[in-house]
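Read through the structure below, which is laid out as structure tokens, and then see the notes.
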């Protein structure tokens, strides 16, 4: 996964739900005398972190080879604010048959990965230069990567160079795509037909079905975070539930809270649809979103009130795969069951509303 800094590579990699090898962690340390320098312009004399010579290509290829051969590798942890490595960590693939290697120099190893038989696909992620500039600047300021003036100057230089960077990645074997285009294509190749979740991911109390649904959505998108919080799953759900605003928690989870959380996880805006007004259309919208690889919220309840929040995670042919926080199971829901208000989710039969990508 190549592309200009700030184009959305990291967010896309997390959305795919695969282990991620951060190629930018293979930068040279800031004190390395072999680092290239910018020769002209307002940034002359500074380290040129956008030159591939600032990066340890051989170390990155060694880690990729180990992951493909054994499913595990020791990889560095690099802190940009410290201009160097701060430690090492073990990256494992677990049950996954693929992983994402993402970074601004990924295009430099496409040919080598293909020659070694490691390559599944190569993408250069790109957006409009001004969008990339703004997202990169906000991120770098938030993380305090460098002094603000340096970040602005570097950002403007990268914005001017973006078309050249994308053309270079295309010439080196990458398919140029927006984050959404790449996500749809890769999820179509990698998405399992049915969702499989660990046992025991059920709501810890009667009021936290919505929080359980969004925590499970985040776990599916971020396996490393999932492994970290799994022993304290119930506590994380309750903390998430307490963070919801604008609605008495005893009444469950507000629609806008689920929409906001899914937006944070998936990177797209969500909207509310009243499923009981047109169950057939609501089912079609949920199925279309799941086919594109997006999670959706599904509220079920009585004729008068929504009582339970579930999560549509994938499709199984013409049916939906729905995670039910009541018992932690993934259930198959057909169109006939949906439109006849016989969902059986959490013991509630009727479709009430959906929270789907706009």
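Details
- Complete set of residues in the range 62-73 that are touching a helix residue (DSSP H, G or I) at 6+ places or on another chain (Cβ under 8 Å) and over 14 Å from residue 94 (Cα atoms): 63, 64, 65
- Close pairs from the range 196-210: first at positive phi, partner surrounded by fewer than 24 Cβ atoms within 10 Å (Cβ to Cβ) and in a loop (DSSP other than H, G, I, E, B), Cβ under 7 Å, at least 6 apart: 200/328
- The set of residues from the range 43-52 being surrounded by 12 or more Cβ atoms within 10 Å (Cβ to Cβ) and farther than 13 Å from residue 158 by Cα comprises 46, 47, 52.
- If you go through the range 141-152 and keep only what is in contact (Cβ under 8 Å) with a residue 60 or more places away in the chain and either under 28 Å from residue 189 (Cβ atoms) or in a helix (DSSP H, G or I) (or both), you end up with just 150.
- Number of positions in the range 283-310 that are assigned to a strand (DSSP E or B) and under 18 Å from residue 358 (Cβ atoms): 4
- Every condition in (1) modelled with pLDDT of 90 or more; (2) out of contact with any helix residue (DSSP H, G or I) (no Cβ under 9 Å at 6 or more places or on another chain); (3) within 29 Å of residue 189 (Cα to Cα) is met by residue 310 except one, and the failing one is (2).
The values are calculated or read from the model by the stated rules, or taken from the named source; none is laboratory data. Note that the structure is predicted; figures quoted are calculated from it, not measured. Reconstructed Cβ throughout: ideal geometry from the backbone, glycine too, with neighbour counts over all protein chains shown.
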